[in-house]
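The values are calculated or read from the model by the stated rules, or taken from the named source; none is laboratory data. Just so it is clear, the model here is predicted, and its values are computed rather than measured. Glycine gets a Cβ as well: all are built from the backbone with ideal geometry, and neighbour counts include every protein chain shown. Each accessible area value is taken on the protein alone, full model and side chains, heavy atoms only, with ligands, DNA and RNA left out. Shrake-Rupley method; radii C 1.70, N 1.55, O 1.52, S 1.80 Å.
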Amino acid sequence: MHHHGIVGLILSAFGVGSALAHNHEPSWLESPSALHLDLSGPMNVRGDGQAWATVRLLNLTMTPQYLQSIQLIRDGEVVDTNQLEQTLVPVGKAAEQYRLLDAKMEAVLETDPEQARLLNTAMRMPLATTSAASIMRRVDPGSDLSGKWSIEINTLVHDKPVQHIMPVRFSRHLPLPNGSAIAKQWVLDTTTCHWRENGVTASRGGGTWLAGDQHLHTTWSLDAYVLDGTEEGPADYADAARALGLDWIMITDHSNIHAWWVGEWFFTPEQHETARQEAANYRVREDWPVLYSQEMGLGRTGFWDLASHILVYPLDTFDAPYLENPSSGLIFGHADCESEQVILDRINDNGCYGFIAHPFEEGTLTFSVWDWDNGATGWAGFEIWSNAGSEFQESDLASLEKWHELLGQIAAPSGGSLAQRPGFPTYFPIGIGNSDAHETGSIGNVFTYAQLNQVDPESLREVFLSGRCVASDGPLVTIEVNGVGIGDVAILPEGRGRAVVRLETTPEFGTVDQFTLVLEADNENLIEFPTDSASGYAVEYVIESPLMFQDVKYLTAWAQTDDLSRLALTNPVWLQSAAAGDVDGSGSVGINDLLVMLDSWGNCQGCPADSTGDGVVGIDDLLALLANWQA
C-alpha cells in the first residue's frame with residue numbers, strides 16, 4: 001500500500017436520475033454528523049462470497065476525539081472488534097475552509113474563470129488535511145449473515161464516553177444468472193397473435209454468460225483516495241468482486257492525474273507497476289482474473305481545456321502497459337491533455353483497445369463530455385450505462401440514444417457480415433456497462449455480461465470486439481435469431497426469422513412477472529412480451545415469422561423491473577435476408593451452402609438452411625437450394 005502506509009418509453013420507464021456517477025466531491029461534504037462515517041465493501045454477497053464492511057471515520061469537529069474501538073454487533077452480541085486506542089484528529093476547520101472555497105469557486109465559475117482556477121487549486125490543502133486524518137478499518141461478519149446488524153463506534157470526548165451506532169445490512173444471494181436456467185417457453189402464433197405455453201427449455205448454446213466490471217478505481221486513483229478515502233488496492237478489489245459473484249474485473253486507475261499530493265507524485269509509471277504487480281500476484285495466488293490498466297484523459301474542451309475519458313483494455317495480456325498521458329492544471333492536474341486521436345493511436349499502437357467512458361457525463365472543473373465531432377477513430381465502443389449507484393441517469397439515456405443513432409448509420413450486412421469500418425477495431429460501436437466504482441462497495445453495481453467459455457485476455461478481447469455483451473445490474477437478457485446470438489449476423493432465408501428472447505433473473509432481482517421485456521427493431525419497439533402471464537425466474541419467448549423481420553437491420557432487447565430498480569440492455573443481432581439455399585448469405589448458392597445444409601440435416605429449428613421454416617432441414621430445403629444453384 002502507498003500514501004500513509006427507445007427514447008420516450010425508456011425515459012419514463014427507467015426513472016432517470018440526475019446525479020453524476022462520481023461527482024468529484026469529498027464523501028463527507030454533505031455529512032449530517034460531526035463524526036462522519038462511511039461504509040463500503042461487499043456487504044450483499046452472492047453464492048459463497050465472503051462479506052465484510054469497511055468503516056471510514058472522519059472527525060469534522062474542532063475537538064479531538066479519542067477512538068477506542070469499532071465493533072460489529074449482531075443481535076446484541078459482538079461479532080468482530082477493532083481495538084484502536086488512537087486520536088481522531090479534528091478537521092472541522094479544514095472542512096469549513098474547503099466548503100468556503102468551493103462556494104466561492106461556484107460563484108465565479110461563469111464570470112471570472114481565472115479566479116475560479118485559483119480557488120480550485122487552493123482547495124488542495126484542506127482536501128489533503130481531511131484525507132490524511134481519516135481512519136479506515138474492516139469488520140468481518142463471518143459466513144452467517146442472518147440477524148440484525150449494527151456498527152458501534154466508541155469514543156471519548158473530553159474524557160466522556162460517546163457511542164455512535166449505525167445499522168448495517170448484510171445479505172447473501174444466489175449467483176448471478178448465466179444462461180443455464182430451465183425456462184418456461186412461450187411461442188407466438190403469428191396468425192392469431194396469441195401466445196401459447198410450450199413446455200420448458202434448457203440453456204441455449206454458445207457458451208456461458210459470465211459477468212465483469214471493466215471500470216474501477218483503486219487507491220492508486222488520486223480522486224478515489226482523496227475524495228472517497230479508498231485505501232484498497234487491486235487485491236482487495238478482486239476479493240470484493242469475487243464475493244459479489246463477478247467472474248473478472250478490469251482496474252482502470254486514472255493516468256491523466258499529474259499532481260504533487262502530500263509528498264508524492266501521481267500518477268507515475270512506478271505506481272502503475274506496483275499496482276500491476278499486485279494484480280499479477282493475485283492472479284497467480286488465487287487463479288482469478290483481475291486485469292490492470294488505466295483510464296486516460298484525451299482532448300481539450302472549453303475554457304478549462306478539460307479532457308474526456310477513455311478506458312484502456314489489453315488485447316492479448318492480462319495487464320496493459322503504462323501509457324504516457326501528460327496533463328496539468330486544476331485541483332488534480334488533469335486538464336491540458338493531448339488530442340483524442342493522439343491518445344487513441346497510442347492505445348492501439350501499444351497492444352490495447354479503447355472504450356469511451358461515460359460519454360455524456362461532465363464534472364465541474366474535472367472532465368468533459370465526449371466531443372462527437374472530433375473526428376477521432378480507433379475506439380471500439382462506449383459505455384451505454386455507467387453508474388456506481390446502479391442508477392440509470394440522463395447521461396446514460398443520452399448515451400443510449402447516441403448509440404442507436406450510430407447503429408442506424410451502420411450499413412446493413414451483406415455477404416453474411418457487416419462491412420469493416422476503416423480505422424476502427426469493431427464492425428459497429430459496442431455498448432457496455434460499468435460501475436466506475438471508486439470504492440469496493442460500488443463494484444459491480446453496473447457490469448457487463450459476456451458469452452464466454454473461459455476468462456482469459458483473448459476471450460475477453462473477442463467478446464468485447466464482437467459485441468457479445470449485455471449491460472446490466474443483475475438480470476440477463478439474450479436474443480438469438482436463426483441460431484445466431486448477440487453481436488453476430490443472422491441469415492434469414494427469404495426473410496424468414498425465428499427469434500428467441502430470454503430473460504433470466506434471481507430472487508435478488510425479482511420474478512420475471514415483475515419485469516417489462518421489450519424486443520426492438522432498428523430502435524423501435526417491436527414486441528412487448530406478456531411477462532405478467534409468466535412466473536418464476538426464467539422465461540423464453542419464441543417468434544417465428546416469414547415477414548416480421550425481413551426489413552429489419554438489427555434487433556435489440558431490454559428488460560427492467562416495474563419498480564425501476566433493475567435493468568438489462570443487449571447489443572444487437574444483425575439481420576440479413578437471403579435467397580432460399582443461400583445459407584451463408586454470400587449472395588450466391590454453391591458448394592459451401594450445400595455443405596452447411598448437409599451438416600444441418602434433420603431437426604434444426606431456425607437454421608438458415610431451413611428455407612421452408614418447418615423446423616427440419618430435409619429434401620424440400622435441398623430442392624430449394626438446387627433450384628437457386630449458381631455454378
- Message: When the residues of the range 348-386 are narrowed to those that are within 23 Å of HIS438 (Cα to Cα) and among the β-branched types (Val, Ile, Thr), which ends up surrounded by the fewest Cβ atoms within 10 Å (Cβ to Cβ)?
- Response: VAL369
- Query: Of all residues in the range 6-33, which are over 30 Å from GLY245 (Cα atoms) and either open to solvent by 40 Å² or more (accessible area, probe 1.4 Å) or modelled with pLDDT of 75 or more (or both)?
  - Reply: VAL7, GLY8, LEU9, SER12, LEU29, GLU30, SER31, PRO32, SER33
- Query: Looking at the range 286-305, is at least one residue modelled with pLDDT of 95 or more, of a type in the set (Lys, Arg) and under 23 Å from PHE332 (Cβ atoms)?
  - Reply: no
- Query: From the residues in the range 605-631 that are in a loop (DSSP other than H, G, I, E, B) and touching a Ser or Thr at 6+ places or on another chain (Cβ under 7 Å), which one is nearest to SER588 (Cα to Cα)?
  - Reply: GLN630
- Got at least one residue in the range 348-367 being in a loop (DSSP other than H, G, I, E, B), under 14 Å from HIS254 (Cβ atoms) and modelled with pLDDT under 95? yes
- Given (1) more than 30 Å from TYR98 (Cα to Cα); (2) buried (at least 22 other Cβ atoms within 10 Å of the Cβ), index of the condition VAL187 fails: (2)
- What is the one condition in (1) of a type in the set (Asp, Glu); (2) buried (at least 24 other Cβ atoms within 10 Å of the Cβ); (3) out of contact with any helix residue (DSSP H, G or I) (no Cβ under 9 Å at 6 or more places or on another chain) that ASP253 does not satisfy? (3)
- Query: Tell me, which residue of the range 290-320 that is part of a loop (DSSP other than H, G, I, E, B) and open to solvent by 20 Å² or more (accessible area, probe 1.4 Å) is nearest to GLY212 (Cα to Cα)?
  - Reply: PHE318
- For ALA627, which of the numbered conditions (1) at pLDDT 90 or above; (2) more than 28 Å from ILE430 (Cα to Cα); (3) among the hydrophobic types (A, V, I, L, M, F, W, C) fails to hold? (1)
- Every listed condition ((1) under 25 Å from the mean Cα position of the chain (by Cα); (2) crowded, with 22+ Cβ neighbours inside 10 Å; (3) not in a loop (DSSP other than H, G, I, E, B)) holds for THR516 save (2)
- Can HIS36 be described as under 18 Å from ASP436 (Cβ atoms), out of contact with any Pro (no Cβ under 8 Å at 6 or more places or on another chain), modelled with pLDDT of 50 or more and not polar (S, T, N, Q)? no
- Message: Give me the residue from the range 531-570 that is over 19 Å from GLY487 (Cα atoms) and aromatic (Phe, Trp, Tyr) and, out of that set, most open to solvent (accessible area, probe 1.4 Å).
- Response: TYR537
- Query: If we keep just the residues of the range 222-248 that are under 18 Å from MET125 (Cα atoms) and part of a loop (DSSP other than H, G, I, E, B), which is least open to solvent (accessible area, probe 1.4 Å)?
  - Reply: GLY229
- Query: Looking at the range 466-480, is at least one residue part of a helix (DSSP H, G or I) and either farther than 14 Å from SER577 by Cβ or not hydrophobic (A, V, I, L, M, F, W, C) (or both)?
  - Reply: yes
- Taking THR219 as the residue in question, decide whether it is in contact with a Ser or Thr (Cβ under 6 Å, 6 or more places away or on another chain), modelled with pLDDT of 95 or more, over 27 Å from LEU57 (Cβ atoms) and open to solvent by less than 10 Å² (accessible area, probe 1.4 Å). no
- Note on the structure: With criteria (1) modelled with pLDDT of 95 or more; (2) open to solvent by less than 30 Å² (accessible area, probe 1.4 Å); (3) aliphatic (A, V, I, L, M), VAL342 comes up short on (2)
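Conditions tested, residue by residue: (1) among the aliphatic types (A, V, I, L, M); (2) open to solvent by less than 40 Å² (accessible area, probe 1.4 Å); (3) on the phi < 0 side of the Ramachandran plot.
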position	(1), (2), (3)
GLY76	no, no, no
THR81	no, no, yes
GLU85	no, no, no
VAL91	yes, yes, yes
GLU96	no, no, yes
LEU100	yes, no, yes
MET123	yes, yes, yes
THR130	no, yes, yes
- Is one or more of the residues making up the range 590-598 small (Gly, Ala, Ser), farther than 29 Å from LEU407 by Cα and surrounded by fewer than 18 Cβ atoms within 10 Å (Cβ to Cβ)? yes
- Residue list for the range 519-561, restricted to those being within 20 Å of VAL489 (Cβ to Cβ) and in a loop (DSSP other than H, G, I, E, B): ASP522, ASN523, PRO546, LEU547, MET548, PHE549, GLN550, ASP551, VAL552, LYS553
- Query: Within the group ALA578, ALA609, which residue is open to solvent by 10 Å² or more (accessible area, probe 1.4 Å) and touching a strand residue (DSSP E or B) at 6+ places or on another chain (Cβ under 6 Å)?
  - Reply: ALA578
- Quick one: which strands (runs of 3 or more DSSP E) lie wholly within the range 74-184 and hold at least 3 residues that are within 29 Å of the chain's Cα centre (by Cα) and of a type outside the set (Asp, Glu)? 135-139, 171-173
- Hits in the range 47-64 - residues which are over 37 Å from the mean Cα position of the chain (by Cα) and crowded, with 22+ Cβ neighbours inside 10 Å: none
- In the range 391-436, which residues are in contact with a Phe, Trp or Tyr (Cβ under 9 Å, 6 or more places away or on another chain), of a type in the set (Gly, Ala, Ser) and open to solvent by 50 Å² or more (accessible area, probe 1.4 Å)? ALA412, SER417, ALA419
- Cross-chain or 6+ apart pairs with Cβ under 7 Å, the range 249-268 first and part of a strand (DSSP E or B), then surrounded by fewer than 19 Cβ atoms within 10 Å (Cβ to Cβ): TRP261/ALA128
- Query: Any residue in the range 395-410 that is modelled with pLDDT under 95 and not hydrophobic (A, V, I, L, M, F, W, C)?
  - Reply: no
